[in-house]
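The values are calculated or read from the model by the stated rules, or taken from the named source; none is laboratory data. Computed from a predicted structure; not experimentally measured. Neighbour counts are summed over all protein chains in view; Cβ atoms, including those assigned to glycine, are modelled from backbone coordinates with ideal geometry. Surface accessibility is based on the protein's heavy atoms, side chains included, excluding ligands, DNA and RNA. Shrake-Rupley method; radii C 1.70, N 1.55, O 1.52, S 1.80 Å.
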Amino acid sequence: MSTTVPSSGLAAPAPADPAEAPDAHGAAAVGSTETGPGAAPTRAAPWGADPYANALRTGRGPLFLRRNDGWLLPLDVERWCSDAGSADLSALHRCEGPVLDIGCGPGRLVAELASLGHRALGIDVSEAAVARTRGLGGAALVRSVFDPLPGEGRWGTLLLLDGNIGIGGDPAALLDRAAGLLGVGGLLIAETAPVDVDERVRVRLDDGRVGADGGTAPAAAHDAEPFPWARIGTPALLRHARAGGWLTADQWGAEGRTFVSLRRPGRERSARNSSQSAESANSAPVISSQLPK
């Protein structure tokens with residue numbers, strides 16, 4: 001999965017003892033690891049790093065996004081690796097038509113959607129997350145939301161839960177991409193930070209381990225490069241949505257989490273989105289079960 005911030009919405013100072021750290025969540029769609037003919041381009045994928053894979057394997061944290069100022073954004077791995085809860089269901093019961101779960105993480109939402117009778121596909125840049133989703137019986141691809149995807153322009157609902165509205169650090173660009181993926185009148189369901197915030201940050205994955213100097217350090221040297229992320233609350237998301245021509249369908253809260261649903265803009269998609277759709281049709285590996293009907 002991914003996150004703007006986890007549902008807590010607020011950064012927390014680094015804990016003195018990793019055992020006291022809040023547990024985690026997550027995988028964002030910011031790069032692809034697929035190779036071979038017709039595969040999406042390979043790019044650096046911070047969410048494919050070992051700390052995240054390790055957290056998914058054990059089903060628990062701690063796992064954080066570490067901001068450059070040293071503050072930590074705790075990720076809710078234990079919830080991600082559990083069954084869908086009542087807050088999740090409040091969003092899933094609003095889904096219409098075939099569903100694309102962006103940053104699907106370990107797959108609880110894709111699996112639940114399948115049990116509810118939806119045709120659903122998850123995408124995530126983490127191979128470990130996709131493997132776990134498939135292990136639950138869900139369909140999933142190792143792919144970024146910005147890569148060519150199956151069924152562009154025909155999805156009924158897009159999910160950006162668990163903070164995934166923060167993917168790429170530019171909510172306006174993510175909303176524009178989402179408009180190109182949805183069919184006419186399609187629905188975007190996003191989880192927002194439960195505070196009024198609209199900020200861009202650069203973060204690293206961090207498992208909270210204590211280094212030799214007594215401070216926490218990035219868990220893996222290859223994950224030391226920061227990547228862009230966003231934290232955005234409901235008021236800010238609605239401002240970005242209005243600017244992009246989206247219509248507000250609903251907003252609600254459940255179990256301390258906050259959600260917004262938006263209708264796809266009626267305007268014609270941009271030339272950039274149209275070209276992405278053409279590239280998807282010509283290049284992306286597609287199987288019939290992944291395509292919206």
Count the net charge of all other residues whose Cβ sits under 12 Å from the Cβ of C104, scoring Lys and Arg as +1 and Asp and Glu as -1. 0
Heavy-atom accessible area of E191 with all protein chains present, probe 1.4 Å, nearest 10 Å²? 0
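Could you give me D for the stretch 59-205, from Stokes-Einstein at 37 °C and 0.692 mPa s, where the hydrodynamic radius is the Kirkwood radius over C-alpha pairs? Units µm² s⁻¹, please.
Reported coefficient: 209 µm²/s.
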Cα centroid separation - the stretch 115-133 against the stretch 64-89, whole Å: 18
When the C-alpha atoms of the stretch 86-129 are aligned to their principal axes, what extent does each axis show, in angstrom, from largest down? 27, 21, 15
Roughly what % antiparallel, to the nearest 5, for the DSSP beta bridges in the stretch 48-187? 20
Got a number for the accessible area of V197? Probe 1.4 Å, square angstrom, nearest 10. 20
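Stretch S115-E199 to full length: gain in nm at 0.36 nm per residue minus the Cα-Cα span?
26.6 nm
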